[in-house]
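Data block below; observations after.
The values are calculated or read from the model by the stated rules, or taken from the named source; none is laboratory data. Remember, predicted model here, so these are calculated numbers, not experimental data. Reconstructed Cβ throughout: ideal geometry from the backbone, glycine too, with neighbour counts over all protein chains shown. We work out accessible area using only protein heavy atoms, side chains counted, and drop any ligands, DNA or RNA first. Shrake-Rupley method; radii C 1.70, N 1.55, O 1.52, S 1.80 Å.
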Amino acid sequence: MKSTFFRVFLVVLLSNIVVVAIGFSFVYWIEQSDRISDEHLAEIGVELVHSYEEEGADSLNAKVRQVESELNGRIYLYEENGRPLLRPLPRDFREPPEDSLPNRGWSDEQGREPPDRPGRPLADFAKSQFVQVIGSNNAQYLLIYRSHLEPPPLAPAVILGFSLLGLLVSSAILSYWLLSPLLGLQRTIRSLGFGETDARVEGSLLKRHDMIGNLAREFNDMAERVDSLLSSKERLMRDVSHELRTPLARIEVALTIAEDKHGQEVQQNYLDRIRRELHELDELIGQVLTLSRLEASSLKKESIAFRSWLDEIIDDVSFESQLKGIVIKKEGDYPAELVGDSLQLRHALENVLRNACFYSGDNGSVRVATEVESGFVVISIVDSGPGVPDEMLEKIFHAFFRSSSARESNTGGYGVGLTIAKRIVQAHGGTISAHNSESSGLVVVFRLPLT
């Protein structure tokens with residue numbers, strides 16, 4: 001944790017340093033854009049001092065006026081004793097009003113000094129340039145130059161833009177550094193969740209020496225254990241199936257031989273009872289194996305012509321239930337097609353539909369209603385049976401659970417059919433739920449994505 005925190009801290013710190021450096025660099029560049037080189041300013045100073053020493057104050061004033069016009073700035077020139085040769089710096093460091101400017105040394109055509117912008121800080125040492133000039137007889141002069149140029153009006157906006165750009169770049173780098181490995185880990189976890197037991201984190205993520213790298217390595221260890229457990233479970237179920245069905249087959253042969261011996265009638269009844277129990281045990285083993293395969297196997301999805309597929313399921317169950325006089329009614333809207341595993345979905349729907357026919361009783365009715373909403377097809381199967389107590393509605397989808405009414409009525413079921421249906425639907429990204437009808441009977445609702 002400390003390593004990860006330190007890395008994030010360094011990234012944020014360096015990003016902020018870059019942003020501040022860019023801002024200061026741009027401000028400095030703007031401030032330096034109106035400065036002239038010290039060498040050039042020294043040359044001007046020598047020229048002005050020479051003009052003053054050789055030709056006097058009038059020649060100096062004329063020369064200064066020309067230079068200030070070219071440079072777009074103001075020049076102040078002092079002798080070594082502090083006497084100004086042109087004009088003094090304002091005492092309050094601001095230019096006096098234009099009508100009160102003193103006429104010191106030279107004037108324009110109207111007899112006034114050229115004014116600076118009112119209120120401008122002329123003696124701002126951070127923005128003024130100072131050059132020492134040596135005249136004849138080693139006389140020393142001080143030249144002060146202050147530019148009239150203002151920073152471009154867009155400078156603050158540009159600085160703000162660069163700062164925002166720097167923040168965006170630093171945020172993007174930080175987000176990528178943090179989220180990119182997590183997104184890769186998320187994709188691997190999702191693959192494992194969808195049944196790809198060989199999904200593992202690979203590449204540079206495993207080489208990281210921080211919490212994210214530790215998480216990736218621990219996930220791989222967990223995935224190895226899960227894969228091993230699932231493989232062991234699958235092998236166990238196959239071995240149990242083989243070991244159980246082999247003696248069942250031998251018992252079946254023994255029963256056939258015993259029946260051929262023409263035993264007494266009471267013996268024949270026992271033999272028939274044993275055969276029925278054997279068949280039920282074989283069916284239970286088959287359902288348990290089906291339930292186990294649903295947890296580990298992947299689906300074979302394909303495009304299903306929904307209406308003909310549903311009609312075929314209803315026709316098959318109706319044929320099985322015709323001796324009980326049960327009528328299955330269809331209603332609602334049908335989607336053009338459904339993408340999924342046709343065989344598995346058929347198994348799930350048949351399980352629920354057969355249960356509905358069984359609990360509806362003789363001469364009962366079952367209604368199958370379909371509708372399409374928001375990319376899903378909703379299939380509701382409504383029977384006319386006694387329903388299920390409200391506190392047991394969630395439990396009926398648990399493996400090997402049967403309500404007391406089901407047990408008392410000696411249905412012969414094993415409480416696995418609805419569990420198989422639920423897992424098939426969930427594997428398709430859908431949901432299955434149950435509630436009691438307002439009149440009577442149980443309503444089981446499938447909600448399956450169309451794609």
Restricting segment 418-446 to residues that are in contact with a helix residue (DSSP H, G or I) (Cβ under 8 Å, 6 or more places away or on another chain) and charged (D, E, K, R), the residue that is nearest to Ala369 (Cα to Cα): Lys422
Looking at this structure, is Ser231 at pLDDT below 70 and in a helix (DSSP H, G or I)? no
In segment 338-364, which residues are farther than 19 Å from Leu310 by Cβ and open to solvent by 20 Å² or more (accessible area, probe 1.4 Å)? Phe358, Tyr359, Gly361, Asp362, Asn363
When residues of segment 48-84 are limited to those that are part of a loop (DSSP other than H, G, I, E, B) and open to solvent by 40 Å² or more (accessible area, probe 1.4 Å), the one nearest to Ser136 (Cα to Cα): Glu80
Looking at segment 157-172, is at least one residue modelled with pLDDT under 75, hydroxyl-bearing (Ser, Thr, Tyr), open to solvent by less than 50 Å² (accessible area, probe 1.4 Å) and outside any loop (DSSP other than H, G, I, E, B)? yes
Kindly indicate whether any position in segment 365-381 is among the hydroxyl-bearing types (Ser, Thr, Tyr) and open to solvent by 90 Å² or more (accessible area, probe 1.4 Å). yes
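Each row is one residue, and each column tells you yes or no for (1) more than 30 Å from Thr197 (Cα to Cα); (2) at pLDDT below 70; (3) assigned to a helix (DSSP H, G or I); (4) open to solvent by less than 60 Å² (accessible area, probe 1.4 Å).
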{"position": "Arg225", "(1), (2), (3), (4)": "no, no, yes, no"}
{"position": "Arg238", "(1), (2), (3), (4)": "no, yes, yes, no"}
{"position": "Glu243", "(1), (2), (3), (4)": "no, yes, yes, no"}
{"position": "Ile251", "(1), (2), (3), (4)": "yes, no, yes, no"}
{"position": "Gly263", "(1), (2), (3), (4)": "yes, yes, no, yes"}
{"position": "Gln287", "(1), (2), (3), (4)": "no, yes, yes, yes"}
{"position": "Ser298", "(1), (2), (3), (4)": "no, yes, no, no"}
{"position": "Ile304", "(1), (2), (3), (4)": "no, no, no, yes"}
